[in-house]
Amino acid sequence: MFGDNIDTDVIVPGRYMKYSIEEIAQHCFEPVAAHFAKEVKRGDIVVGGRNFGAGSSREQAPAALKQLGVAALIAESFAGLFYRNSLNLGLPAVVCKDAKRICDGDRLEIDFDQGVVATPREKLSFEPIPPHLMQMVRDGGLLPHLEKRLKCRTTS
Amino acid sequence: MTLAQKLVARAAGRGSVTPGEIVTCKVDLAMMHDSGGPRRVKPMLERLGAKVWDPSKVVVITDHYVPTYDDESRKIIRLAREWVREAGIDNFYDEQGICHVVLPERGHLRPGMFAVGGDSHSPTGGAFAAYMFGVGATEMLGVLVTGEIWLKVPHTIVMDFDGALERGVSAKDVMLFLIGRFGMDGGEYQAVEYRGPAIRSLSMQERMTLCNMTAELGGQTGLIASDEITEEFLKIPVERWQSDAEAPVLAHHRFNASDLAPQVAAPHSPANSKAASEFQDVKPSVAYIGACTGAKLADLRMAASVLKGRKAKMRLMVAPASARDVKAAEEEGTLAVLRDAGAEFLGLGCGICAGYGGNVLGENVVAISTTARNFKGRMGAPSSQVFLASPYTVAATAVAGRICDPRELLH
């Protein structure tokens, strides 16, 4: 769980940008939560407040989260550029105005088609990701999505 | 329609578009730099076996890892140089300055265009009445392969400034004020349009600063209608692109520019802004003039107007934004004024701004900077503290030894 205006310099500091994504991921959230990379587990969901992912266009921010096994992001709102980057990398980003009702450690279930986040206490609704974008997310992101499209074009 | 709608409609090949609908736009120009560009898109293009859709519409500019300083940065720059040759991209500017400043100065932007840039400060291009916004490397790959990109047609938020900025107050102060007032998501990822007599009278580079920091205001792009000042800068006749007077907008905020005082944003957010005079107890040890936001020719001139005949009482570093601006500043004597004040010059490029280069701020350093972002750890050690201000205010602070309202020295 993170607060408002978590920026991409905090998610992945600029001085590591010259390295590989595996290396960058080890420094994820370093300025504010130095143990994040060690503690995060595959399938974890990162929850933020308003304007999550503000700042730089570096897509190593969502890429590092994906690299560490983060399965989805939920926030009250995302910075537009970060939101596009997340979906393009196949990391679903859910805009849920009730994100702050989620507690640290909650086991969550997300129904992307219905637009429902189920916490142990209640069901929170959200505007589903538009179908054409969700298809890209399910394909694993824009690159595999384009790969599929180009393959279709050559075989047809 | 608003200016934003008109630009998007043209790119989508439509007579009109409505805010909120999703459209596919043809891209007139795609700009990349060395960090998010060739080194990221080359392997993806190879995986797809695809080529760049139209190399004449692509511009590559090295700025993040120049001057090179270690093996990694040398490798990144070498790859950029090799890739532009392979891909047949002639529009390549190597160590000529920061992409957002070099792009328009070399005549690549014209009013009416629809453009993407592989950097979050790409809204800078909106100063030329072009719809320009930032994308990540994978989305850039999509553009390079297809020549198209999807867009949710934006609403327009109007920032309307009557009056005129006082001497010593600049576009940077306008933006720090707006970000403080509306927050880093005040732009709601919509189009922010700057209007009014105070905006019309600004030079192109000052207009670029407004649109540049629309990124920190959370807009997708920042736009300004084209006029005779646009034409004079581009040195070619340009089409007039502007909003229809009756076009509905999401919000229309009106201000009087004459009331605005120089602003300073405290660590660690550009939204922590207040009048510079409220920070006069802060004593930085570094004054930094750099970045696309704050080291263009117009910015260097602002700093020089304060520094003329004075000496900096702290470390004053200048990383100019473009080679052409350096040449002009040298010829007119602006650089000599900075040098005489004790400034040390860094190479052409993004410098310390994003912490990518060889120089970064050390532990517990307090700095005042003309850059756009003071996020924790961005410019160096997480314990460093960065105050954001205009070139006037940074120069005045360097001279005074404490944060200083530049009007104290200019009047």
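Here, each number is a calculation from the coordinates, and none is a lab measurement. Predicted, not measured: the structure shown is a model, and the values here were computed from it. Glycine also receives a Cβ, built like all others from the backbone with ideal geometry; neighbour counts cover every protein chain displayed.
Brief remarks on what is shown
- Annotation for segment B:168-250: GluC sites (Glu not before Pro) lying in DSSP loop with at most 10 further Cβ atoms inside 10 Å of their Cβ are B:Glu246.
- Peptide B:183-192, shielding by other chains (average Cβ, 10 Å cutoff): 4
- Equivalent ellipsoid, chain B (semi-axes from 5 times Cα gyration tensor eigenvalues, Å): 32, 26, 18
- Two-decimal ratio, chain A, of alpha-carbon radius of gyration to 2.2 N^0.38 Å: 1.04
- When shorter helices are ignored and each DSSP H run of at least 4 residues is given -39500 (n - 2.57), the per-residue value for chain A at 222 nm works out to -8500 deg cm²/dmol.
- Rounded to 5, the percent of DSSP beta bridges in segment B:263-410 classed as antiparallel: 20 percent
- Across segment B:204-219, coupling constants 3J(HN,Hα) worked out from phi with the 6.51/-1.76/1.60 Karplus curve, θ = phi - 60°, read 4, 5, 5, 4, 4, 5, 4, 5, 3, 7, 4, 4, 6, 7, x, x Hz, and Gly and Pro carry x.
- Highest-first packing order for the peptide set B:58-67, B:4-13 is B:58-67, B:4-13, based on the mean count of other beta carbon atoms within 10 Å.
- Close amide H pairs (under 5 Å, H built 1.01 Å from N) link B:Leu316 with B:Ala287, B:Glu344, residues at least 5 positions away or on another chain.
- Shown here for segment B:250-315: trypsin sites (Lys or Arg not before Pro) in loop regions (DSSP other than H, G, I, E, B) with at most 14 other Cβ atoms within 10 Å, namely B:Lys311.
- Based on every Cα atom in segment B:95-211, Rg and the maximum pairwise Cα distance Dmax equal 15.1, 48 Å.
- Mean silhouette area of the protein assembly as shown, derived from the convex hull of its C-alpha atoms and averaged over all directions, reads 24.8 nm².
- Scaled against the 2.2 N^0.38 Å expected of a compact globular protein of N residues, the Cα radius of gyration of segment B:263-410 reads 0.93.
- Over chain B: helical MRE at 222 nm, DSSP H runs n ≥ 4 each giving -39500 (n - 2.57), nearest 500: -9000 deg cm²/dmol
- Excluding same-chain neighbours fewer than eight residues apart, the lysines reachable from B:Lys6 by a Cα-Cα span under 27 Å are B:Lys26, B:Lys57, B:Lys152, B:Lys235.
- Peptides ranked, highest mean first, by Cβ atoms within 10 Å: ranges B:137-143, A:128-134: B:137-143, A:128-134
- GluC sites (Glu not before Pro) lying in DSSP loop within segment A:74-156, provided at most 16 other Cβ fall within 10 Å: A:Glu122
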